[in-house]
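The values are calculated or read from the model by the stated rules, or taken from the named source; none is laboratory data. Note that this is a predicted model, so its numbers are computed, not measured. Cβ placement follows ideal geometry from the backbone for every residue including glycine, while neighbour counts extend to all protein chains displayed.
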Amino acid sequence: MLPAGHHLPRRSEAPPRQALRSRKIGANGKGAGEVTHSPDRYAVTGHPIGHSKSPFIHRWFAAVTGQGIRYDALACPREGFGAVVRRFRAAGGLGMNVTLPFKEEAFALADVRTPRAELAGAVNTLSFRGDGAVHGDNTDGVGLIRDLRDNQAVALAGGCILMVGAGGAARGVLPALLDERPRRLVVVNRSPERATELAARFTGASVEACGFGDLGDTAFDIVINATSGGLSGERAPPVPISALRPGGAAYDMVYAREPTAFLRWSRAAGASVAVDGAGMLVEQGAESFRLWRGVRPPTRQVIGALRAELDRGD
Ligand code: NAP
C-alpha cells in the first residue's frame, strides 16, 4: 500500500510532481511562507550512464515517501570519476550511486567504508555527510538478498549456490550471500584465476572456485548469473543444464525487456523460479535511499513500475 495521501502516477515514468518540487518553508517552519529551498541533491554516475534506471527509481522513492529530493544521472568520462564526484559535492550534492566501471574507484575515494564495502572491495553508494568525510557503502548484496529471499521466497539458508561470474557484481553480493549461511557456495568464472582470487577474499568462509570445465555433476539449488556476457541477450554463460537441480531457482543480475539468455537457459533446466535483476536494482536503490534519507521506501510498486517501463522499451 502507498502511504496515506499518495497516489500512484498514471504513467509510471511520471512520479507525483509534489515529490520533485522544492519545499516552501515559512518563517514559522510550517510551509506557509515564500522562502524556497532547493531540494536535496543526489545522482548516479557511470560510463555509460544514459541507460540508467536509477533516476526513475529514486524519483519513485521520493514520491512514495514524500521526500523532496532531486536525483540526476551524471555523465562521466572513463578517466574523470574523481572530478565528477568533486564537482557534484561542491555543488551541494549529498550522495551518489556509482555504477560500472567506477565501483572500485569509489571504494578508493571513500574516506570511511562499511564492513560490507570492505569485504566487497567495491562501493556503489557514496554519502557526503556533515562530518566532511566521504562515506562508502555497498548495497548490491542487500539488494540481491531482499529480492531473492524476500520477494521471490527463495530459501538461501542451507542451500547449494552457484555464482556465475567473479567481477564487481559477484564480489559485491558474496558477503550478503554468505551471511545467509548456504551449505555450499561455488564461484565459477571464465577466467578461473579471478574466481580463485575472489574466493580467497573470504577467509574463514568456505567459498569454492572453478572454471566452467570443472563444474562436475553437482546440481545446485540456486544458480546466480553475475556475468555481463549475456547483455546482448544471445548467449548464456556455458553452464551445463545439469548444474541446476530441477525445481531450483535461477537469478540473472542482468535485467531486460525480454527474458535474458540465462533465463531461457534456466527454464530449459527446469527452474521453478527464474527472475532477472530488475528487483535487485530497485532493492539496492532502496537501501541507498535509506542510508541517505533515513527512511526505507516500499519497493513492490516501484518494481512493478520499473517492469512496466522496461516493457515499454523506454
Ligand atoms: P565486471 O566486473 O565487468 O565482471 C564481468 C563478469 O562477467 C566477469 O566475471 C567476466 O568474466 C564475465 N564475463 C564477461 N563476458 C563474458 C562472457 N562472454 N562469457 C562468460 N563470462 C563473461 O561486471 P560486474 O560489475 O560484475 O557486472 C556484471 C553484471 O551484473 C552486469 O551486467 C551488471 O549490469 C549486472 N549488475 C546488476 C545489478 C542489479 O542491481 N541488477 C547490480 C550490479 C551489477 P572474466 O573475469 O573471465 O572476464
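Observations on the model:
- Of the residues making up the range 120-135, those that are within 30 Å of ALA250 (Cα to Cα) and either surrounded by fewer than 21 Cβ atoms within 10 Å (Cβ to Cβ) or in the same structural domain as ALA166 (by TED's automatic domain parsing) (or both) number 1.
- Answer residue from the range 185-206, given it is touching a residue at least 40 places away in the same chain (Cβ under 8 Å) and within 21 Å of ASP217 (Cβ to Cβ) and is surrounded by the fewest Cβ atoms within 10 Å (Cβ to Cβ) among those: ARG190
- Meets criteria (part of a loop (DSSP other than H, G, I, E, B), outside the structural domain of ASP72 (by TED's automatic domain parsing) and more than 10 Å from the ligand (Cβ to nearest atom)) for ARG264: no
- Filtered residue count, the range 132-170, keeping only those that are part of a loop (DSSP other than H, G, I, E, B), in contact with a strand residue (DSSP E or B) (Cβ under 8 Å, 6 or more places away or on another chain), under 19 Å from ALA209 (Cα atoms) and within 13 Å of the ligand (Cβ to nearest atom): 2
- Long-range neighbours under 8 Å by Cβ, at least six apart or interchain, first residue not assigned by TED's automatic domain parsing to the domain that holds ILE161 and near the ligand (Cβ under 8 Å from one of its atoms) within the range 223-248, second modelled with pLDDT of 95 or more and polar (S, T, N, Q): none
- Of all residues in the range 174-190, those satisfying the criterion of being touching a strand residue (DSSP E or B) at 6+ places or on another chain (Cβ under 8 Å) and either under 11 Å from GLY141 (Cα atoms) or within 16 Å of the ligand (Cβ to nearest atom) (or both) are LEU174, LEU177, LEU178, LEU185, VAL186, VAL187, VAL188, ASN189.
- Near pairs, Cβ below 6 angstrom, 6+ apart or cross-chain, from the range 281-292 (within 11 Å of VAL142 (Cα to Cα)) to any residue that is near the ligand (Cβ under 8 Å from one of its atoms) and of a type outside the set (Phe, Trp, Tyr): GLU283/GLY143; GLN284/ASP140; GLN284/GLY143
- Single residue of the range 275-293 satisfying the filter (of a type outside the set (A, V, I, L, M, F, W, C) and not in a helix (DSSP H, G or I)) that is nearest to the ligand (Cβ to nearest atom): GLY277
- Options ARG290, ARG267, ARG257: the member that is basic (Lys, Arg), surrounded by fewer than 23 Cβ atoms within 10 Å (Cβ to Cβ) and over 27 Å from HIS58 (Cα atoms): ARG267
- Enumeration of residues in the range 105-116 that are modelled with pLDDT of 95 or more and either within 24 Å of ALA75 (Cα to Cα) or not hydroxyl-bearing (Ser, Thr, Tyr) (or both): GLU105, ALA106, PHE107, ALA108, LEU109, ALA110, ASP111, VAL112, ARG113
- Considering only residues in the range 86-114 that are away from the ligand (no atom under 16 Å from the Cβ) and free of Cβ contacts under 8 Å to residues at least 24 places away in the same chain, the one that is surrounded by the fewest Cβ atoms within 10 Å (Cβ to Cβ) turns out to be ALA90.
- Residues of the range 144-195 that turn out to be basic (Lys, Arg) and over 19 Å from the mean Cα position of the chain (by Cα), as a count: 5
- From the list ILE69, ILE57, the lone residue that is away from the ligand (no atom under 16 Å from the Cβ) and buried (at least 19 other Cβ atoms within 10 Å of the Cβ) is ILE69.
- Looking across the range 197-222 at every residue that is within 11 Å of the ligand (Cβ to nearest atom) and more than 21 Å from the chain's Cα centre (by Cα), the one that is nearest to ALA122 (Cα to Cα) is identified as GLU197.
- Index of the failed condition, PRO246 passing every other in (1) over 25 Å from ARG149 (Cβ atoms); (2) out of contact with any strand residue (DSSP E or B) (no Cβ under 6 Å at 6 or more places or on another chain): (1)
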